[in-house]
Amino acid sequence: MATLKDVAQKAGVNISTASRALNGNSNISEVTKENIRRIAKELNYIPNANARILAGKSSHMIGIIVPETDSDYFSKMINTLEASLQVHDYYLLISNTQYQPDKEQKILETFLNYNIDGVFLSCTVDTARLSRYQVLLNNNNIPLIALDARQPGAVCSQINVDDTAGMVASIQHLLQKGHKSIGYLGDYIIKATLREKFFKDALAICGLHPDDHPIFTHPDTRFERAGYEGMKYFLSLPEHPTAYLAGYDDIAIGAMRAISEAGLRIPEDIAIIGNDNGRAADFLTRRLTTLAPPVEKMAQIGVELMLDSIRNKDLSITHNIFLKPEFIIRETT
């Protein structure tokens with residue numbers, strides 16, 4: 001493997017000049033820089049990242065902490081962040097907590113060892129923890145941006161989805177369709193991310209009493225299985241709602257299977273609305289009405305704010321941005 005010394009020798013310059021040229025130093029002429037870059041490419045020279053870190057230089061790596069990588073929601077977020085950062089020659093270091101908050105601090109400390117240039121945190125974290133992480137990163141002059149953390153008391157930049165507004169639109173749509181009782185299907189994880197709370201808030205905004213609109217939270221499983229078992233529970237009741245909001249699309253898909261097995265029709269007998277607008281939503285036998293949180297837009301704005309903070313080296317400027325989800329009406333309502 002070619003070394004920096006090999007590049008310098010072939011270019012007829014000393015090692016420090018070659019290094020400064022490859023790092024874009026403005027004191028070196030463009031002709032010299034272009035010649036050294038060309039030679040480095042010919043020799044397949046790869047800069048030593050560890051050496052850059054030891055020298056205190058930018059790693060061009062941004063960390064992101066997510067609670068999982070299984071869901072469409074977080075895969076969309078990660079893919080958009082990665083693509084947007086690579087345009088600017090930054091790269092994403094990904095770590096997930098599996099919804100175990102005690103892992104966050106350790107991951108942050110590991111990121112610091114990699115001389116990370118910035119951190120995205122995408123979890124529902126409490127204000128105290130988020131503020132503690134911000135102090136840790138600020139002490140190292142590293143910007144922190146929270147994506148959908150939903151903590152108005154924290155003093156770092158946040159970009160959030162207005163889930164309540166989306167659920168208000170969903171409930172109003174169902175009321176207009178003539179539904180009197182609206183149920184909610186969730187799981188133990190989605191409850192922790194506050195969507196169940198947003199459902200209750202949305203009912204109140206629509207002038208409905210939460211006690212009249214039952215909630216099922218699956219205690220120990222997730223995704224389609226949680227929706228399937230939750231809907232079977234509702235259908236076993238003497239009376240059950242005729243419409244449902246699901247915490248996310250996978251839950252709605254599982255619920256649709258249970259409705260079909262019971263010999264009921266969607267949406268004639270039961271209406272259902274998902275959340276997240278996953279890939280499958282538009283390709284089901286009955287195309288799923290759902291909420292589409294602007295995850296890609298949130299990630300793109302996050303990258304813009306992150307790069308501004310890195311360039312300006314000013315961590316005192318913070319933003320609190322709320323984005324509204326799109327309500328997509330298809331065939332299940």
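The values are calculated or read from the model by the stated rules, or taken from the named source; none is laboratory data. This is a predicted model, so every value here is computed, not measured. For neighbour counting, all protein chains shown are included, and Cβ atoms are generated from backbone atoms with ideal geometry for every residue, glycine included.
Residues ASN115, ASN140: which one is polar (S, T, N, Q), under 20 Å from VAL303 (Cβ atoms) and surrounded by fewer than 22 Cβ atoms within 10 Å (Cβ to Cβ)?
ASN115
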Exercise. Within region 166-199, can you find the residues that are closer than 26 Å to ASP70 by Cβ and touching a Pro at 6+ places or on another chain (Cβ under 7 Å)?
Worked result: GLY166, GLY183, TYR188
Exercise. Which of the residues that make up region 1-18 are modelled with pLDDT under 90 and exposed (fewer than 13 other Cβ atoms within 10 Å of the Cβ)?
Worked result: MET1, LYS5, ASN14, SER16
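In region 307-317, which residues are farther than 19 Å from LEU81 by Cβ, among the hydroxyl-bearing types (Ser, Thr, Tyr) and either at pLDDT 95 or above or surrounded by 13 or more Cβ atoms within 10 Å (Cβ to Cβ) (or both)?
Residues of region 307-317 farther than 19 Å from LEU81 by Cβ: 312-317.
Now drop any that are not among the hydroxyl-bearing types (Ser, Thr, Tyr), which leaves 316.
Of everything in region 307-317, nothing turns out to be farther than 19 Å from LEU81 by Cβ, among the hydroxyl-bearing types (Ser, Thr, Tyr) and either at pLDDT 95 or above or surrounded by 13 or more Cβ atoms within 10 Å (Cβ to Cβ) (or both).
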For this session: Return only the number of the condition from (1) without any contact (Cβ under 8 Å) to a residue 24 or more places away in the chain; (2) in contact with a strand residue (DSSP E or B) (Cβ under 6 Å, 6 or more places away or on another chain); (3) not hydrophobic (A, V, I, L, M, F, W, C) that GLN176 does not satisfy.
Result: (2)
Problem set entry | Residue that is surrounded by the fewest Cβ atoms within 10 Å (Cβ to Cβ), among those in region 173-215 that are of a type in the set (Asp, Glu) and under 29 Å from the mean Cα position of the chain (by Cα) | ASP201
Seminar exercise, completed: Subset of region 216-255, residues buried (at least 18 other Cβ atoms within 10 Å of the Cβ), touching a strand residue (DSSP E or B) at 6+ places or on another chain (Cβ under 6 Å) and within 10 Å of GLY186 (Cα to Cα), comes to PHE216, HIS218, ARG222, ALA226, GLY227, GLY230, LEU245, ALA246, GLY247, TYR248, ILE251, ALA252
